[in-house]
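Right, one structure below, let's go through it.
The values are calculated or read from the model by the stated rules, or taken from the named source; none is laboratory data. As the structure is a computational prediction, the values presented were derived from the model and not from experiment. Counting neighbours? That spans all protein chains shown, and the Cβs are built from the backbone with ideal geometry, glycine included.
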Amino acid sequence: MTAAASILLFDRVICRFGDITAVGGVTCDIAPGSFVALVGASGSGKSTLLKTVNTLVAPTEGRVLFGGEDVSALNPARLRRRVGYVFQGVGLFPHFPVGENIAIGPRLAGEKLPPERIAELLALVELDPAMARRMPDELSGGQRQRVGVARALAGEPELLIMDEPFGALDSVTRAALGAKVRELHGALGLTTVMVTHDMAEALLLADRVLVMDGGRIVADETPRALLAGEGGEVAQGLVAVPREQAERLAAMEGRLA
């Protein structure tokens, strides 16, 4: 796929920090409308690669193109308006009410979100619009993360990037919020790139799974192909965990039948 046909292109991206090479030469394109999961063990380079998209990390070598333009040459406020970012720590400003937290991105770009738009965003993530007046410490972890998603969507982004967005949540809340993000991805016509260490989550939510190891992409497969045994040793090592859990649950069901 060419740069013009991609919404996002990593072109020979290398990220070094002193003697450590976190990303070791990644070339990969992301098609508009796709939902891509970046999976790998801690230290594999997936979060560093993701952060090059919105210039939180600058590549040592190579470039990142968004909509055919080098992100390093784009106005940062404009770039971050077009790219919604959800991260594990949520990062809500504790002294701002929920509504102001949601509106912070457009505000930095010189736009004021009306209360009706904030209410609409809260409803999108299945929160009561009245929560706009509440403070972050009055919310549960799952509610705060939903506010984080609403904030990422406030600028009507073309691209949604998520860095371990559900990692701190309990399994029930995590599954519900993952399903909601997948629903919004389709309903809003987003392109989504999600970093996760959880292969089961990647298989259930993504259309395409990129497996990273040692700063490189070692597998690029559909969930169906991974479940069929494709992708190589590292990828299959990650798939083995949810597969074994599913087999053990099936065996338990059989004993109970």
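Data overview
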{"item": "Per-region count, the stretch 13-57, residues of a type outside the set (S, T, N, Q), over 22 Å from residue 188 (Cβ atoms) and either crowded, with 17+ Cβ neighbours inside 10 Å or touching a residue at least 24 places away in the same chain (Cβ under 8 Å) (or both)", "result": "18"}
{"item": "Checklist (1) farther than 28 Å from residue 203 by Cα; (2) assigned to a helix (DSSP H, G or I); (3) of a type outside the set (Val, Ile, Thr) applied to residue 50, failing item", "result": "(1)"}
{"item": "All positions within the stretch 111-127 that are assigned to a loop (DSSP other than H, G, I, E, B) and touching a residue at least 12 places away in the same chain (Cβ under 8 Å)", "result": "113, 125, 126, 127"}
{"item": "Selection from the stretch 84-106 of residues that are under 18 Å from the mean Cα position of the chain (by Cα) and surrounded by fewer than 21 Cβ atoms within 10 Å (Cβ to Cβ)", "result": "87, 88, 89, 90, 91"}
{"item": "Residue that is surrounded by the fewest Cβ atoms within 10 Å (Cβ to Cβ) [pool: residues in the stretch 168-178 that are in contact (Cβ under 8 Å) with a residue 12 or more places away in the chain and in a helix (DSSP H, G or I)]", "result": "176"}
{"item": "Selection count, the stretch 134-156, where residues are free of Cβ contacts under 8 Å to residues at least 40 places away in the same chain and either buried (at least 19 other Cβ atoms within 10 Å of the Cβ) or of a type in the set (A, V, I, L, M) (or both)", "result": "2"}
{"item": "Scope the stretch 207-233; condition touching a residue at least 60 places away in the same chain (Cβ under 8 Å) and part of a strand (DSSP E or B); matching residues", "result": "208, 209, 210, 211, 212, 213, 216, 217, 220"}
{"item": "Count - residues of the stretch 147-164 that are at pLDDT below 90 and either touching a Ser or Thr at 6+ places or on another chain (Cβ under 8 Å) or assigned to a helix (DSSP H, G or I) (or both)", "result": "1"}
{"item": "Condition met for residue 72 (under 27 Å from residue 232 (Cβ atoms) and small (Gly, Ala, Ser))", "result": "no"}
{"item": "Failed item in (1) assigned to a loop (DSSP other than H, G, I, E, B); (2) over 22 Å from the mean Cα position of the chain (by Cα); (3) buried (at least 18 other Cβ atoms within 10 Å of the Cβ); (4) not polar (S, T, N, Q), with residue 131 passing the rest", "result": "(1)"}
{"item": "Test for residue 79: is it farther than 27 Å from residue 167 by Cα and either among the β-branched types (Val, Ile, Thr) or at pLDDT below 90 (or both)", "result": "no"}
